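Peer 1: Input: one structure, supplied below.
The values are calculated or read from the model by the stated rules, or taken from the named source; none is laboratory data. What you are looking at is a predicted structure, and each value in this text was computed from that prediction instead of being measured. Cβ coordinates were reconstructed from backbone atoms using ideal geometry, including for glycine residues, and neighbour counts include every protein chain displayed. Heavy atoms of the whole protein, side chains included, go into the accessibility calculation; ligands, DNA and RNA do not. Shrake-Rupley method; radii C 1.70, N 1.55, O 1.52, S 1.80 Å.
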Amino acid sequence: TSVGGDLSIDENNGLTNLTGLAGIANIGGSLNITTNLTLTNLAGLTGLTGADAIGGGLNISGNDVLVDMDTLLGVSGIGDELEIRNNASLTSITGLTDLTSVGGNIDISSNPDLCQSIVDTFTSACESCGSINTGNNNDGC
């Protein structure tokens with residue numbers, strides 16, 4: 001199953017996971033997951049794999065209890081910007097390990113529980129990326 005344009009999941013305060021999206025193999029536009037205050041994981045997005053899994057940008061911001069993005073392991077490229085900001089409980093971006101190509105800029109900032117050293121390791125491995133902003137993550141790890 002494919003989504004031809006953008007997929008936005010915004011301000012769903014009762015949403016805890018994305019299991020209803022199981023089976024989506026690619027998104028032609030951007031994937032925006034923002035301000036879902038009870039979203040604990042991205043389960044349901046395991047079908048997104050490869051260099052063309054997300055044709056536009058990836059924005060994961062303002063999800064207060066999201067801890068990790070492990071479900072995105074296997075996505076190796078996105079067509080536009082990568083934004084991971086203001087996720088109060090995010091401790092891991094291991095799900096982005098395979099991501100080596102970002103068609104736009106990278107902004108991984110203001111995630112107070114995410115170790116800056118993890119962010120630095122990820123951004124240094126990116127082979128084809130735009131400018132990088134990684135401020136205000138946890139420097140104390």
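Peer 1: Once R0 is set to 30 Å, what does the formula 1/(1 + (r/R0)^6) return for the Cβ-Cβ distance between ASP120 and GLU11, expressed as a FRET efficiency to the nearest 0.05? Working shown, then result.
Peer 2: Working: r = 31 Å, r/R0 = 1.04.
It comes out at approximately 0.45.
Peer 1: Going by amide H atoms built from the backbone, whose H comes under 5 Å of the H on SER30, apart from near neighbours?
Peer 2: ASP6, LEU7, GLY56, GLY57
Peer 1: In segment 1-58, what percent of the accessible surface is made up of carbon and sulfur (1.4 Å probe, ligands and nucleic acids excluded)?
Peer 2: Values: 1240 of 2530 Å².
Carbon and sulfur: 49 percent of the exposed surface of segment 1-58.
Peer 1: How high is the relative contact order of the chain, in percent, with contacts defined as C-alpha pairs under 8 Å that are six or more residues apart?
Peer 2: Working: 446 pairs, mean separation 24.6, N = 141.
Here the relative contact order equals 17 percent.
Peer 1: Further, regarding this structure: Counting heavy atoms of the protein chains only and a 1.4 Å probe, report the per residue accessible area for segment 17-141 as a whole number of Å².
Peer 2: Values: 4830 Å² over 125 residues.
Heavy-atom SASA per residue in segment 17-141 reads 39 Å².
Peer 1: Still on this model: Considering amide H positions built from the backbone, and no H for Pro or chain starts, which residues 5 or more places from ASN133, or on another chain, come under 5 Å of its amide H?
Peer 2: It is ILE106, ASP107, ILE108, by chain and number.
Peer 1: Using a 1.4 Å probe over the heavy atoms of the protein chains, calculate the carbon and sulfur portion of the accessible area of segment 70-141 as a whole percent. Don't skip to the end; give the middle numbers.
Peer 2: Values: 1310 of 3120 Å².
Taking all protein chains in place, segment 70-141 shows 42 percent carbon and sulfur surface.
Peer 1: Can you give the charge dipole size of segment 13-93 about its Cα centre, rounded to the nearest 20 debye, using +1 on the beta carbon of Lys and Arg and -1 on the beta carbon of Asp and Glu?
Peer 2: Values: 1 positive and 7 negative charges, 27 e Å.
With only Lys, Arg, Asp and Glu charged at Cβ, the dipole is about 120 debye.
Peer 1: Is the C-alpha gyration tensor of segment 1-79 telling us rounded, prolate or oblate? Criteria: a/c under 1.5 is rounded; beyond that, a/b larger than b/c is prolate, otherwise oblate. Each step should come with its number before you reach the end.
Peer 2: Working: a/c = 1.73, a/b = 1.57, b/c = 1.10.
It comes out prolate by the Cα gyration axes.
Peer 1: Taking θ = phi - 60°, what integer Hz values does the Karplus form 6.51 cos²θ - 1.76 cosθ + 1.60 yield along segment 58-64, in sequence order, with x for Gly and Pro?
Peer 2: For segment 58-64, the Karplus curve yields 10, 10, 10, 9, x, 9, 4 Hz.
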